[in-house]
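Here the structure is laid out as structure tokens; the discussion comes afterwards.
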Amino acid sequence: MPVARNMKELEKMVLDRMKKELPNATKEYCHKWYNNNSDIKEIITYESNIYGIYEQFKFPYKKVQGNNILHVPHYNIPIFYKGNLVTTIHDITHILFPEYLPNKFALYYAKFMISRAVKRSEYILTVSENTKKDLIKYFNADPNKIVITYNGVDKKFRCKEKSEYEYLYSKYRIDRNKKILLYVGNKKPHKNIAKLIKAMSLLENKENYTLVLSGKGFEGYNELENLSDKLGLNELIIHTGIVSDEELVDLYNLADLFVFPSLYEGFGIPLLESMACGTPVICSNSSSLPEVVGDAALMFDPNDEVELARSIEGVLSNKQLYKELIEKGYKRVRKFTWEDCRRKTEEVYKNMLKRKLKGK
């Protein structure tokens, strides 16, 4: 039984499910669709902020308690739930980068909740081998109950005709004669965007490049804006903010190169989205990223802006390498599907039910 904290989350849950079952359905068809779906019996909503004590007390325990399995898609599990539990833990960013948390309580809460989830869950799903290793290293997790369920890529991410995304040049006032570097993601410090901006300043003929930063939280993000101003790059950097799914696909197609300098990721979906759209990728050689890209991307040290700048220039100046990365990217994407994720998750559910029937 799905559980949502509010109506916005409810809508996202239903839409995500609908995309898998009916990829061509419209948003307006959403509620009619789920009401007619026999395997979704009920969706429970509750209001609570995430990452705090209140979410524990507002969780609808009585309504959920009688279910065979509760799958929580994040580490902040309901600690008073007594039934069969499976938890997905995507990463441990909050533990490895505590300096970016708002206060010490947030760190204590994250440590307690991850530790509790690791001990309490019958199965733990992770989205990478890297996260599995982190849980074993930092929380002494039992490797036998960890199952890796890699993320997939939505089919809407595809190579498009130039006429379909040309509007972006005028919308964001992008010079058609410049090479376009793209980053997609949020503004959090571990995403290492400052290092990307510093690398931009080191490019030879940097005036021939445009850096497009797309994602949550860029509006008014003073630290990045101050850095780009200090380095004299304001006219070369475009902040799009949050864009629609359709525009995101178009941005990937528009870009000449996708750059992902993150210090730590549980997986890294944007890498595969870019590959699916036929845009070559360069990324950090840290955390899960080598696991995701394989040999289909050029990797660099995320702490070295000089190496990052040389990687950008190296790919864009080498036609053979550029072509190889595109071709390898197409092949790499096919290794990660939501169908595989669903199948492995379903196997976990079945194993849990079998154990329950045997009284274990």
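The numbers here are math on the coordinates, done by the rules we state, and not lab data. This one's a predicted model, so the numbers in the text were calculated from it and none came from an experiment. Virtual Cβ from ideal backbone geometry, glycine too; neighbours counted across all protein chains shown.
Charges were assigned to the Cβ only: +1 to each Lys and Arg, -1 to each Asp and Glu. The resulting dipole of the range 162-333 about its Cα centre is roughly 120 debye. Between ALA117, ALA199, ALA276, the Gaussian network model of the chain with springs among Cα atoms under 10 angstrom shows the greatest mean-square fluctuation at ALA199. In this structure the amide hydrogen of ILE238, modeled in the peptide plane, comes within under 5 Å of the amide hydrogens of LEU211, VAL212, LEU213, none closer than 5 places in sequence on its chain. With helices as the sole contributors, the chain gives -13000 deg cm²/dmol at 222 nm; each DSSP H run of n ≥ 4 counts as -39500 (n - 2.57), and the sum is divided by every residue. Could you derive backbone 3J(HN,Hα) for the range 156-172 from the dihedral phi with the Karplus parameters 6.51, -1.76 and 1.60 (θ = phi - 60°), listing whole Hz in sequence and x where the residue is Gly or Pro? Residue by residue, the range 156-172 yields 5, 7, 8, 6, 10, 6, 4, 4, 7, 10, 4, 4, 5, 4, 7, 4, 10 Hz. Taking GluC sites (Glu not before Pro) across the range 115-192, the ones in a DSSP loop with at most 11 further Cβ atoms lying within 10 angstrom of their Cβ are GLU161. Computed from point charges on the beta carbon alone (+1 for Lys and Arg, -1 for Asp and Glu), the dipole magnitude for the range 63-154 about its Cα centre is near 420 Debye. Where a Cα-Cα gap under 16 Å defines reach, which lysines qualify for LYS145, not counting those fewer than 8 residues away within the same chain? Partners found: LYS119, LYS132, LYS133, LYS137, LYS344, LYS350, LYS354, LYS356, LYS360. Separation of the range 80-148 from the range 340-354 is 20 Å, based on Cα centroids.
Identify, among TRP338, VAL281, SER311, the residue whose Cα sits farthest towards the positive end of the charge dipole of the chain, taking +1 on the Cβ of Lys and Arg and -1 on the Cβ of Asp and Glu, with the dipole about the Cα centre. Checked the options; the winner is TRP338. Proximity of backbone amide H atoms, modeled 1.01 Å from N, is registered between ILE148 and THR126 at under 5 Å, excluding neighbours fewer than 5 places apart on the same chain.
For LYS216, which lysines qualify as cross-link partners when the Cα separation must be under 19 Å and same-chain residues fewer than eight apart are set aside? Once the sequence-local lysines are set aside, what remains near LYS216 is LYS8, LYS12, LYS171, LYS187, LYS188, LYS191, LYS195. Amide H contacts for THR88 (H built 1.01 Å from N in the peptide plane; partners 5 or more residues away or on another chain; cut-off under 5 Å): VAL72, HIS74, LEU125. Projected onto its three principal axes, the C-alpha set of the chain covers 68, 44, 36 Å, listed from the longest axis down. Look at the dipole of the chain built from charges on Cβ: of PRO290, PRO261, ASN234, the Cα furthest out on the positive end belongs to PRO290. Would you please classify the overall shape of the range 61-132 from the alpha carbon gyration tensor, given that a ≥ b ≥ c denote the square roots of the eigenvalues, rounded means a/c under 1.5, and beyond that prolate means a/b larger than b/c while oblate covers the rest? Oblate, since a/c reaches 1.5 and b/c is not below a/b. Taking the convex hull of the alpha carbon positions in the range 314-360 and averaging its projected area over all directions gives 4.7 nm². May I ask you to list the aspartates and glutamates whose Cα is less than 20 Å away from that of LYS155, ignoring any residue fewer than eight positions away on the same chain? Of all the aspartates and glutamates, those that pass the test against LYS155 - Cα under 20 Å, at least 8 places apart if same chain - are ASP16, GLU21, GLU164, ASP245, GLU246, GLU247, ASP250, GLU273, GLU327, GLU339, ASP340. Across the range 175-190, coupling constants 3J(HN,Hα) worked out from phi with the 6.51/-1.76/1.60 Karplus curve, θ = phi - 60°, read 5, 5, 8, 9, 7, 9, 9, 10, 10, 10, x, 8, 8, 4, x, 5 Hz, and Gly and Pro carry x.
In the range 162-333, with Lys and Arg counted as +1 and Asp and Glu as -1 at Cβ, which of these residues, TYR165, TYR322, LEU211, has the Cα nearest the positive end of the dipole, that is, farthest along it? Toward the positive end, the furthest listed residue is TYR322.
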